Amino acid sequence: MKLRQLKKQLKQRELQARRRKTRRWPWPWLLLLVALLLVTFYPLYRQYRLTVPQRLFNEGMTLESRGKFDAAQQRYQRLYHAYPESEPAVEALLRVGRIQQYDRHLEQQALLSYLQLEHDFPEHSLVLTAREEAAGIVKYTLGDYSRAIGFYQRLLEHENGRRDQYLYEIADCYFHLDNYTQARIELETLLEQYPQSSLIADVLYRKGGLLLLENRLDAARQDWRQLIAQFPESSYGIQARFNLAALLEEDELLQDALDAYRQLQNFPRPDLLKEKIEHLKKRIASKQKAI
């Protein structure tokens, strides 16, 4: 009886031992499986994480194209705040500013967005665009010409910027501040540094006007004659001819002024030109009668 019980106990222990053995986790194989899963799926997960900023940016572009500007702005801002180191974050912030400026007419907020872009990404190529937009808001929307000068002067630091345009804007700011001498100096700098600029006709015309305001009539005439010689068919050249005729009239050279007005073609205000001619004819006739 004792032998039978002993055999039974031994058999039970053997069964229990087998069960424990079968229940053991195959840790080496499990670790290998986990490693394989990580090797396979982590790059996919990482790629997914990397594409989230681009997907958010694309969603914003789609919403913007549909005129849903508030929703688009929210997508861009979410991208900028959640993934500030990603490449799309820079353009997203720029587009936030443009939505605020052009679509929602929130110029002050747009200015802050442009300045934020410059602060966060000082070396990025889009800083130039952000600075241009910011300068335009300060000058044309806020009318803060003194502050705008500083914005455009900073733009002059960019090698790839439109430096002739920035100098022109600076001159225009000084003009609005009634600082005609400094405005003229800025235009002269533009002429000297960028003789091939597309703004030359405009610059010569405005510089002549500034010289006139400084009571430098001969210098004004010289600029307008240079303008006519270089750009005879431009609107500025036509207006310069009218101005020269007006100066002849002020100098009491009535016949010369009349001839100059009569030779003027394609003047944008024909009624004014006709009025000038008729007025001069009457003045000349009146003088001849007096003689």
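Throughout, read-outs are computed from the coordinates displayed, never taken from laboratory work. Model, not experiment: these values are computed from the prediction. For neighbour counting, all protein chains shown are included, and Cβ atoms are generated from backbone atoms with ideal geometry for every residue, glycine included.
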HN-Hα J couplings of the range 240-251 from phi, Karplus 6.51/-1.76/1.60, θ = phi - 60°, integer Hz, Gly and Pro as x?
5, 4, 4, 5, 5, 5, 5, 5, 4, 5, 5, 7
Length gained if residue 283 through residue 140 is fully extended, taking 0.36 nm per residue and subtracting the Cα-Cα distance, is 47.1 nm
At R0 = 30 Å the Cβ-Cβ FRET efficiency linking residue 52 and residue 119, nearest 0.05, sits at 0.80
Going highest first, how would you order 242-252, 84-94 by mean Cβ packing within 10 Å?
84-94, 242-252
Once Lys and Arg are counted +1 and Asp and Glu -1 for all other residues with Cβ under 13 Å from that of residue 130, the total becomes -2
Using 12 Å as the cut-off for backbone N distance, which residues of the range 237-256 belong to the label zone defined by a point 7 Å from the Cα of residue 269 along Cα→Cβ?
239, 242-243
Along the positive direction of the dipole of the range 54-138 (beta-carbon charges: Lys, Arg +1; Asp, Glu -1; about the Cα centre), which of 63, 73, 100 reaches farthest?
63
